[in-house]
Amino acid sequence: MNLAEQIKQTRPFVIAGPCSVETEEQTHTIINALKSEGKTQLIRGGIWKPRTRPDSFEGIGEQGLPWIAEASKKVGIPFAVEVANAKHVELALQYNTDVLWIGARTTVNPFAVQEIADALRGSNIPVMIKNPINPDVNLWIGAFERLQQAGITDLTAIHRGFSVYKHDTYRNVPTWEIPIALKQELSDVPLICDPSHIAGRTDLLLEVSQKAMDLNYNGLMIETHPTPEKAWSDAKQQITAEVLTELLTKLVLRSNVMEQRSFDELDTYRKQVNALDCELFDVLVKRMNISEEIGRFKKEHNITILQEEHWKKLLESRLQMAKSLNLSDDFVRSILDAIHLESITRQISVMNK
Ligand code: PEP
Ligand code: MN
């Protein structure tokens with residue numbers, strides 16, 4: 001059975017191991033611990049580390065390959081390493097690596113992905129493709145196509161979030177709609193969540209993993225280290241093998257198939273949602289018709305569309321109203337921004353007719 005099939009049959013399929021392979025001892029210690037916890041189906045270990053700044057630890061390189069290969073062979077669990085160029089592919093294959101993955105900083109670059117695809121031609125090794133660092137679903141899909149065209153068909157997607165400039169909560173914002181969009185295009189490809197790189201901290205790992213499970217993800221890739229606080233890379237987000245077990249035990253796994261009775265019940269809610277969406281659209285049409293009236297008025301009186309003071313006041317009062325109705329600030333803000341933008345577009349079209 002190929003890896004994608006295995007992943008789909010084990011829920012959650014757990015990929016665990018250190019961010020970076022550091023020493024022979026660290027590699028054996030973490031892999032033995034993962035084996036004795038008994039929850040890991042595939043071991044991960046970074047050999048070459050694409051780091052943002054050049055003064056960070058950039059991976060132990062080729063000398064780490066026999067360490068991870070031996071340690072994983074000893075416990076009988078296959079292992080995966082990240083490859084970013086043809087040389088990495090060649091070395092990884094030389095050491096009988098079971099699975100390769102392409103990192104976020106590589107998926108973003110079609111030349112690099114093509115180089116890897118070309119280097120893999122003729123092999124049938126499974127490859128996991130992380131999302132690109134920017135939220136571009138087509139770039140992610142493009143990477144799948146490049147590998148498929150090179151004859152590599154055992155493919156899996158890993159969602160690790162997207163880069164932003166400073167964020168209060170996440171290291172990489174999840175933007176869940178991107179992996180959902182990927183699944184619409186590539187429905188056969190299993191989807192793994194990497195909560196470690198999304199969260200960047202350990203206290204959010206469970207919450208992100210749970211959300212992934214509730215969105216029907218097939219598995220999780222979680223960075224684990226024998227002594228996380230001493231890790232040479234990504235120390236803040238790594239956990240021990242024991243903590244990984246605790247986390248997995250707390251996960252609630254819900255089914256995505258329903259009995260007819262539950263389906264009927266859900267269906268009555270769905271019908272209500274449909275009716276409410278119709279009402280919403282009705283209101284939006286009325287709202288936009290008024291915007292066009294306003295546009296005509298402004299044209300007649302020769303005044304600009306954007307009245308900043310008015311918009312500011314309106315926003316404040318709506319946010320106040322939302323608060324009392326228990327609607328979140330972010331939610332209401334994004335709706336109002338969208339309405340405002342459309343309203344401006346309508347007014348512009350009326351004015352410049
Ligand atoms: C990693 O898995 O350690 C890694 C470098 O991740 P990403 O490509 O998601 O940044
Ligand atoms: Mn890492």
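The values are calculated or read from the model by the stated rules, or taken from the named source; none is laboratory data. Everything quoted here is computed from the prediction, not taken from an experiment. All Cβ positions, glycine included, derive from the backbone under ideal geometry; neighbour counts span all protein chains shown. The area values use the complete protein model at the heavy-atom level, side chains included, leaving out ligands, DNA and RNA. Shrake-Rupley method; radii C 1.70, N 1.55, O 1.52, S 1.80 Å.
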**Prompt:** Any chance segment 41-58 includes a residue that's away from ligand 2 (no atom under 16 Å from the Cβ), at pLDDT 95 or above and open to solvent by 10 Å² or more (accessible area, probe 1.4 Å)?
**Reply:** yes
**Message:** Out of the residues in segment 7-24 meeting the condition of being part of a helix (DSSP H, G or I) and out of contact with any strand residue (DSSP E or B) (no Cβ under 7 Å at 6 or more places or on another chain), tell me which one is surrounded by the fewest Cβ atoms within 10 Å (Cβ to Cβ).
**Reply:** GLN9
**Asked** In the list ASN124, ASN85, which residue meets the criterion of being within 25 Å of the chain's Cα centre (by Cα) and loosely packed, with under 15 Cβ neighbours inside 10 Å?
**Response** ASN85
**Message:** Condition (residue is in contact (Cβ under 8 Å) with a residue 24 or more places away in the chain, closer than 22 Å to TYR165 by Cα, within 15 Å of ligand 1 (Cβ to nearest atom) and in the same structural domain as GLU25 (by TED's automatic domain parsing)) applied to segment 223-231: is it met by at least one residue?
**Reply:** no
**Request:** Name every residue in segment 232-259 that is open to solvent by less than 40 Å² (accessible area, probe 1.4 Å) and away from ligand 1 (no atom under 16 Å from the Cβ), in order of residue number.
**Result:** THR240, ALA241, THR245, LEU247, LEU248, LEU251
**Asked** Of everything in segment 192-214 that's farther than 17 Å from GLN237 by Cα and open to solvent by less than 10 Å² (accessible area, probe 1.4 Å), which residue is nearest to ligand 1 (Cβ to nearest atom)?
**Response** ILE192
**Message:** Here's a check for you: in segment 157-191, which residue that is within 16 Å of GLU223 (Cβ to Cβ) and within 8 Å of the chain's Cα centre (by Cα) is surrounded by the fewest Cβ atoms within 10 Å (Cβ to Cβ)?
**Reply:** ARG160
